[in-house]
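Notes follow the structure.
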Amino acid sequence: MRWVFMLTLCWSVVGCAVSPRQFRQSLGPGPGPGCVSTVDCQCKDGVVVACEQLGTVPRPRVPPPLPPPGAAEEAREKETERRRDSCGDDYVRCIDAGGGSLAGRVEGESRCDSCRAYCMAHGFWPTDIYNWNAKPLTCPGK
């Protein structure tokens, strides 16, 4: 009974959010479900200025599709080789840009090592990674 009262108080008196979607978005860090950034969410909500800004903001690269489960071993080996080559080239660019001397996600790991680990896991070089305190770390080299 007590939680019903608190929920009613939150929704009516305090006004936590107008809709359940806004309430879910207000719970944690980040732009919210289904949004790449805060500007993206604003554009999806119909703010014209935000949609105009999206035209000037660089969009993240879409990772290449992975082979379906159960695909031939040769296709998986080709994908692993492609990732190794692509991430290796980006790693060299990162080292050349000075990322080897920056702190990574884990103590004792360089920024380039952290970015390469992300690249090997996801198939593309990230623009940013996050440390364990949710602080963005830029991946140099792209």
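Quick notes on this structure:
- With respect to the conditions (1) under 29 Å from residue 135 (Cα atoms); (2) of a type in the set (D, E, K, R); (3) modelled with pLDDT of 75 or more, residue 40 falls short on a single one, namely (3).
- Sole residue being part of a helix (DSSP H, G or I), in contact with an Asp or Glu (Cβ under 7 Å, 6 or more places away or on another chain) and modelled with pLDDT of 85 or more, chosen from 87, 112, 119, 94: 119
- Within segment 95-111, being of a type in the set (D, E, K, R) and surrounded by 15 or more Cβ atoms within 10 Å (Cβ to Cβ) holds for 105, 111.
- The residue pairs whose first member lies in segment 61-79 and is assigned to a helix (DSSP H, G or I), whose second member is modelled with pLDDT of 80 or more, and whose beta carbons are closer than 9 Å, counting only pairs six or more residues apart or on different chains, are 79/64; 79/123.
- Residue-level check: of (1) among the small types (Gly, Ala, Ser); (2) exposed (fewer than 15 other Cβ atoms within 10 Å of the Cβ); (3) under 22 Å from residue 66 (Cα atoms), residue 114 misses just (2).
- Test: residue 105 is out of contact with any Phe, Trp or Tyr (no Cβ under 6 Å at 6 or more places or on another chain), within 12 Å of residue 129 (Cβ to Cβ) and of a type in the set (Lys, Arg): yes
- Only residues that are part of a loop (DSSP other than H, G, I, E, B) and surrounded by fewer than 15 Cβ atoms within 10 Å (Cβ to Cβ) were counted in segment 122-138, giving 6.
The values are calculated or read from the model by the stated rules, or taken from the named source; none is laboratory data. A quick note: this is a predicted structure, and the numbers were derived from the prediction, not measured. Note: ideal-geometry Cβ built from the backbone for every residue, glycine included; neighbour counts use all protein chains shown.
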